[in-house]
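Peer 1: My questions will all concern the structure given below.
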Amino acid sequence: MIPGPVEFSPEVLSALGQPTTSHVSPDFMECFGQCLQMMRQVFLAPSSQPFIVAGTGTLAMDLAASNLVEPGDRALVINTGYFGDRMGDMLCRYGAEVDYLDSPVGEVACAERLREALKDKDYALVAMTHVDTSTGVLTDVKNLSAVAKDAGCLTIVDGVCGTAGAECRSDEWGVDVHLTASQKAIGVPPGLALVTVSEDALRKFESRATPVPNYYADINNWLPIMQAYEARKGAYFGTPAVNLVYALNASLREILDEGMEARFARHRRLAQAFRAGASAIGLKMVPKTEELAAPTLSALYYPEGIDASLTGHINASGVIVAGGLHPKISDQYFRVGHMGVCNESDILATVGAIERALATMDDAFTAGAGVTAAQKALSTSG
Ligand code: PMP
């Protein structure tokens, strides 16, 4: 129950274990081509160009930053924590003049604040993290992207902890680059960087005056490869992670079989049930309101008198949760991922394990109220 790598389905794991084919075998070309087509549906990005590249989520961020920024461009990062800082560092590295729209821990700037900030300078792009993995904060991508696009900016959404779990209608909402990694709600072990790039972003890329200062991530190297695979033709720039792409095919198929609307609703419902359980035993969330809390991940403060050894006690019950990540509060809270193949029983087992851990650490704590509240939330939400 950590925020990635998550649990993977048996079909995905068995696709990983099949014999590795040539990257230009007819079977693999078909598999890769289908993945690109399915990505457009999962990212709700029908008119965008998908990219599947071997690497981690950080490479997906690098791909966005290195291709879209030229020295002197102004970029605004709507910052919610750890990965917003990382995106800002990258944009700086590629020569952008970066400003941050910061918020207190557990909050995120609203559309009105963004509108004001965009009046100050002539920004070329706005970057945001959909679900902040360090705080569990959910960013309002729909309204923030609309404001950024109105101001003529390109938008980058880091969806690593949200994509395929938290609703993101890339094309409709004006997301120019929607990037993620395989190991979270996409449901594939770590190793794939997945990115969709809009027509606007491709135009900006094509009008670059300077070469992309990153050889591996350069879209010029990858675009012909993606176009070839989609036409079921072989092509080579860097050897694809063949087995991970077979696994991605299995997972994207499962995601689309569930249906995007049903999948978003399931993630919301499980998150609400988990947080109903947590709240019933007095655990406070890092996000300031339920509206700001992500459907894929919960960040919870340790209760009064309980320290970070709580996670070890939870892990001892067979449920693995993660410690804090945001540098300002890292020893005050823990994180629970509820995404991908996560189900009702996982939620109940996790709330139960937290209760048992608290009972071990605090004689005055009686277990039961959390699981009862989570059960009630699950049974009333259909
Ligand atoms: N962005 C976010 C929001 C993340 O959660 C992560 C990984 N936890 C990354 C980027 C970086 O991904 P990776 O670790 O796969 O490089």
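The values are calculated or read from the model by the stated rules, or taken from the named source; none is laboratory data. As the structure is a prediction and not an experimental result, all values here were calculated from the model. When we count neighbours, we look across all protein chains shown, and the Cβ atoms used for this are built from the backbone with ideal geometry, even at glycine. For accessibility, only protein heavy atoms count, side chains too; no ligands or nucleic acids. Shrake-Rupley method; radii C 1.70, N 1.55, O 1.52, S 1.80 Å.
Peer 1: Take the Cβ-Cβ distance between residue 261 and residue 199 as r, set R0 to 41 Å, and report the resulting FRET efficiency rounded to the nearest 0.05.
Peer 2: 0.95
Peer 1: Mind checking which of 251, 271, 239 is farthest towards the positive end of the stretch 213-277's charge dipole, using Cβ charges of +1 (Lys, Arg) and -1 (Asp, Glu) about the Cα centre?
Peer 2: 271
Peer 1: Something else: Sort the stretch 1-111 into rounded, prolate or oblate with this rule: let a ≥ b ≥ c be the square roots of the eigenvalues of the Cα gyration tensor; rounded if a/c is under 1.5, and if a/c is not under 1.5, prolate when a/b is larger than b/c, oblate otherwise.
Peer 2: prolate
Peer 1: Pick out which of 311, 80, 180 has the largest mean-square fluctuation in a Gaussian network model of the chain, springs linking Cα atoms closer than 10 Å.
Peer 2: 311
Peer 1: Right, next: With springs only between Cα atoms under 10 Å, which of 290, 70, 116 fluctuates most in a Gaussian network model of the chain?
Peer 2: Evaluated over the chain, the most mobile residue of the options is 116.
Peer 1: For a quick check: with amide H placed at 1.01 Å from N, whose amide H comes under 5 Å from residue 338's, ignoring anything fewer than 5 positions away on the same chain?
Peer 2: 297, 298
Peer 1: Taking H as built 1.01 Å from N, whose amide H comes closer than 5 Å to the amide H of residue 323, not counting residues under 5 places away?
Peer 2: HN-HN under 5 Å from residue 323: 335.
Peer 1: Give, as a single signed number, the net charge of other residues whose beta carbon lies under 14 Å from the beta carbon of residue 272, with Lys and Arg counted +1 and Asp and Glu -1.
Peer 2: Net charge in that neighbourhood comes out at +2.
Peer 1: In the chain, what % of DSSP beta bridges are antiparallel (nearest 5)?
Peer 2: Looking only at bridges with both residues in the chain, the antiparallel portion is about 55 percent.
Peer 1: Still on this model: Which length gain, in nm to one decimal place, applies between residue 18 and residue 207 when the Cα-Cα distance is subtracted from 0.36 nm times their residue separation?
Peer 2: Full-extension gain reported as 63.8 nm.
Peer 1: With +1 on the Cβ of every Lys and Arg and -1 on the Cβ of every Asp and Glu, and nothing else charged, how large is the dipole of the chain about its Cα centre, in debye rounded to the nearest 20?
Peer 2: 300 debye
Peer 1: Against the longest alpha carbon principal axis of the chain, how many degrees, from 0 to 90 and to the nearest 10, is the axis of helix 111-120 turned?
Peer 2: Between the helix axis and the principal axis of the chain, the angle is about 40 degrees.
Peer 1: Would the chain count as rounded, prolate or oblate if I go by the C-alpha gyration tensor, calling it rounded below 1.5 in a/c and otherwise prolate when a/b exceeds b/c, oblate otherwise?
Peer 2: Taking the square roots of the gyration eigenvalues as a ≥ b ≥ c, the chain is oblate.
Peer 1: Using θ = phi - 60° and the Karplus relation 6.51 cos²θ - 1.76 cosθ + 1.60, list the HN-Hα couplings for the stretch 27-40 in order, rounded to whole Hz, with x at every Gly or Pro.
Peer 2: Along the stretch 27-40, the couplings run 4, 6, 4, 5, 4, 5, x, 5, 4, 4, 5, 5, 4, 4 Hz.
Peer 1: Here is a follow-up. Return the sequence-ordered ³J(HN,Hα) values of the stretch 368-381 in whole Hz as given by the Karplus equation 6.51 cos²θ - 1.76 cosθ + 1.60 applied to θ = phi - 60°, using x for Gly and Pro.
Peer 2: Going residue by residue, I get x, 5, x, 4, 4, 5, 5, 4, 5, 4, 5, 6, 8, 9 Hz, with x marking Gly and Pro.
Peer 1: Under 29 Å Cα-Cα from residue 284, which lysines qualify once same-chain neighbours fewer than 8 residues away are excluded?
Peer 2: The qualifying lysines are 142, 184, 328, 376.
Peer 1: Additional query: Spelling out what I want: for every residue of the stretch 228-245, take phi, set θ = phi - 60°, compute 6.51 cos²θ - 1.76 cosθ + 1.60 (Karplus), and round to whole Hz; glycine and proline get x.
Peer 2: Running phi through 6.51 cos²θ - 1.76 cosθ + 1.60 with θ = phi - 60° gives 5, 4, 5, 8, 6, 10, x, 7, 9, 10, x, 4, x, 7, 3, 5, 5, 6 Hz.
Peer 1: Helix 82-93 versus the longest principal axis of the chain: what angle, 0 to 90°, nearest 10, using Cα atoms?
Peer 2: Taking the Cα atoms of the chain, the angle to 82-93 is about 20 degrees.
Peer 1: Over the Cα atoms of the stretch 260-381, how large are the radius of gyration and the largest Cα-Cα distance (Dmax), in Å?
Peer 2: Answer for the stretch 260-381, Rg first and Dmax second: 13.5, 44 Å.
Peer 1: Also, quick follow-up: Compute the angle between helix 57-68 and the longest alpha-carbon principal axis of the chain, please, reported from 0 to 90 degrees and rounded to the nearest 10.
Peer 2: Helix 57-68 sits roughly 40 degrees off the main axis of the chain.
Peer 1: Right, something else. Summing -39500 (n - 2.57) over the DSSP H runs of n ≥ 4 in the chain and dividing by its residue number, what mean residue ellipticity at 222 nm do you reach, to the nearest 500 deg cm²/dmol?
Peer 2: The per-residue figure over the chain is -13500 deg cm²/dmol.
Peer 1: Residues with beta-carbon under 14 Å from that of residue 201, excluding residue 201: net charge, scoring Lys, Arg +1 and Asp, Glu -1?
Peer 2: Net charge around residue 201: -3.
Peer 1: Highest GNM mean-square fluctuation, the chain, Cα pairs closer than 10 Å: which of 306, 347, 320?
Peer 2: Among 306, 347, 320, the largest mean-square fluctuation in the Gaussian network model of the chain belongs to 306.
Peer 1: Another question about this same structure. Scale the Cα Rg of the stretch 330-382 by the rule-of-thumb value 2.2 N^0.38 Å and send over the ratio, two decimals.
Peer 2: 1.27
Peer 1: Keeping the other protein chains in place, figure out the carbon and sulfur percent of the accessible area of the chain, with a 1.4 Å probe.
Peer 2: After summing per-atom areas, the C and S share lands at 52 percent.
Peer 1: When only C-alpha pairs under 8 Å and at least 6 residues apart count, what is the relative contact order of the stretch 312-382, in percent?
Peer 2: Averaging sequence separation for qualifying contacts and normalising by length gives 26 percent for the stretch 312-382.
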